Amino acid sequence: MSDKRLDGKVAIVTGSSRGIGKAIAESFAAEGAKVTVNWVGSEREAQGVVDSIKRGGGDALSVRADVSKSADVKRLVSATIDRFGRIDILVNNAGVMVAKSVLETTEDDWDRTIDVNLKGAYLCSKEVAPIMLRQEAGKIIMMSSNSGLYHPSAMRFTEYVTSKAGMNGLTKALALALGPHITVNAICPGWIKTDMIADTDPEVEQRILAETALRRWGTTDDIAGAAVFLASKEADFITGELLIVAGGRGMH
Amino acid sequence: MEKRFVGKVAFVTGATTGIGQATAIRLASEGAVVGVNQRQSDDPTETLRRIKDAGGEAFPVVADVRDPAQVVAMVREVARRGGRLDYVVSNAGINPFMKWDETSVEDFDTLSETNFRGTWLVCTEGAKQMIKEGHGGAICCTSSLSAHVGSPSQVAYCGTKAGVSMLAKALGAVLGEHGIRVNAVEPGAIDTPMAASLLQDPEALKYYEDRIALHRVGKPEEMASVIAFLLSDDASYLTCTTVLADAGFIVNAEL
């Protein structure tokens, strides 16, 4: 048995120039997968991820695509097929968050958040599904959020929380629609230290930490570990599941 | 695969058959020294033989999880023989099919003392040992799909398994500060001796295969891989989490 858990697999990780997506792309590559690194605004960072994967002896491809645009998604998928010949894993990770109260957000904020987070996951899944069905194998992973389940810190992120709750529904519906050969699961991270939440109020941070059983922030590697598991054959009997990776937040 | 548990010590309750057996074998094959728990009347030979074949190290440890003194002695014995304790898999459970109105108080007590109180005892005593040793650790409980859905012949069982899932969450909340993570796996229809009487009925089997999104029942090894993940450092930020491993059974509610 190979030591690597994703040996020979091909993965697309959307929004993987930084943060959680970057950690997943790098972990997948370290486990033997070839990875398409998708980005929309940060070409230099994406190239950095590709370069670091190649330095580690892996193979990766950088593709600019706005996941909320179906033409872009088709290009993302066809570029991956042209280069690697198949698609075994899709991680719908690309996401945006507007940190305003609902009274301050605009219709554009709503549209952008729902379009990238929810419609993007739908478009990408729909585009790779026929390929995975032909292969009779595939793993789709949604990067949702525990805020899409129950969380009070969600007060300021109305559109984001709604989009994540939608992704949870999409996960379950797709699991049924695409079985038995494709599994579809979501990871619901808690508070993970990334750019997305860099300007959080220190008082809020302290409150969150006090509510977290492990008494620490999550790291992008914590999420990557869960993603590798769901992408591997280790999770073959799991589909339609929402995996909470939140350090025990909200259990007190 | 890289061996994730080298130098670690674990014990698995109810490890002579089914998911417990597969888990004990999996942990040992990844390098852990494993205490294979059995009741006096169980035969650990098969589990121990398969661990040996896989190049692993294990020893049998007798305890009925219904008996607090036996559980305390088991934890002590594992820590003594293994030299430490890193992982607890609270897996022992029973699932006697009985109609809700034919279940006696004695039946209920036996179920509850094994599945629910037994889990609490095993996890609590295991955690105390890990805290004493001061190096953190991880606990995984075997709960069930039945923590979420009812079944006419498993009413009391369903109650005990909902209790097991909640125990994992509540214990996780208090053990986080000691670096101990607590999670539970909730298996769906798995091909084990426990489920045999159900799954041998072709009609019941067909019902499960139709409804499960992956259109098949699971293997004990597929639960062992989930438990191994939850114990491993890959799950470093997972605690108080239940992992439903039913391959899309519950989610299939035709609208």
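The residues of the stretch B:217-232 that are open to solvent by 10 Å² or more (accessible area, probe 1.4 Å) and either polar (S, T, N, Q) or facing chain A (nearest Cβ under 7 Å) (or both) amount to a single one, B:Glu222. Tell me which residues, restricted to the stretch B:241-254, are facing chain A (nearest Cβ under 7 Å), open to solvent by 10 Å² or more (accessible area, probe 1.4 Å), part of a loop (DSSP other than H, G, I, E, B) and among the hydrophobic types (A, V, I, L, M, F, W, C). Answer for the stretch B:241-254, where residues must be facing chain A (nearest Cβ under 7 Å), open to solvent by 10 Å² or more (accessible area, probe 1.4 Å), part of a loop (DSSP other than H, G, I, E, B) and among the hydrophobic types (A, V, I, L, M, F, W, C): just B:Val251.
Being of a type in the set (A, V, I, L, M, F, W, C), within 14 Å of another protein chain (Cβ to nearest Cβ) and not in a strand (DSSP E or B) is a condition met by no residue of the stretch A:111-119.
Exactly one residue out of A:Val73, A:Val116, A:Val96, A:Val102 is closer than 25 Å to A:Lys9 by Cβ and among the β-branched types (Val, Ile, Thr), and it is A:Val73. Considering the conditions (1) free of Cβ contacts under 8 Å to residues at least 40 places away in the same chain; (2) open to solvent by 20 Å² or more (accessible area, probe 1.4 Å); (3) assigned to a helix (DSSP H, G or I), B:Leu171 is excluded by exactly one of them, (1). In the stretch B:49-93, of all residues being part of a strand (DSSP E or B) and touching a residue at least 40 places away in the same chain (Cβ under 8 Å), the one that is surrounded by the most Cβ atoms within 10 Å (Cβ to Cβ) corresponds to B:Val89.
The set of residues from the stretch A:92-110 being in contact with a strand residue (DSSP E or B) (Cβ under 9 Å, 6 or more places away or on another chain) and either part of a loop (DSSP other than H, G, I, E, B) or surrounded by fewer than 18 Cβ atoms within 10 Å (Cβ to Cβ) (or both) comprises A:Asn93, A:Ala94, A:Gly95. Restricting attention to the stretch A:208-226, which residues are at the interface with chain B (Cβ under 9 Å from one of its Cβ atoms), assigned to a helix (DSSP H, G or I) and buried (at least 19 other Cβ atoms within 10 Å of the Cβ)? A:Asp222, A:Ile223, A:Ala224, A:Gly225, A:Ala226, listed by residue number.
In the stretch A:1-29, the qualifying residues are those that are part of a loop (DSSP other than H, G, I, E, B) and more than 14 Å from every other protein chain (Cβ to nearest Cβ), and the one that is most open to solvent (accessible area, probe 1.4 Å) is A:Arg18.
Cβ-Cβ contacts under 6 Å between residues 6 or more apart (or on different chains), taken from a first residue in the stretch B:109-135 that is without any contact (Cβ under 8 Å) to a residue 24 or more places away in the chain to a second residue that is surrounded by fewer than 23 Cβ atoms within 10 Å (Cβ to Cβ) and assigned to a helix (DSSP H, G or I), are absent. Here B:Glu46 meets the list (1) out of contact with any Gly (no Cβ under 7 Å at 6 or more places or on another chain); (2) buried (at least 16 other Cβ atoms within 10 Å of the Cβ); (3) in contact (Cβ under 8 Å) with a residue 12 or more places away in the chain; (4) outside any loop (DSSP other than H, G, I, E, B) almost entirely, failing just condition (2).
Here A:Val128 qualifies as aliphatic (A, V, I, L, M), under 21 Å from A:Gly15 (Cα atoms) and open to solvent by less than 30 Å² (accessible area, probe 1.4 Å).
The values are calculated or read from the model by the stated rules, or taken from the named source; none is laboratory data. Model, not experiment: these values are computed from the prediction. Cβ coordinates were reconstructed from backbone atoms using ideal geometry, including for glycine residues, and neighbour counts include every protein chain displayed. For the accessible areas, the whole protein counts, side chains as well, though only heavy atoms, and no ligand, DNA or RNA atoms are used. Shrake-Rupley method; radii C 1.70, N 1.55, O 1.52, S 1.80 Å.
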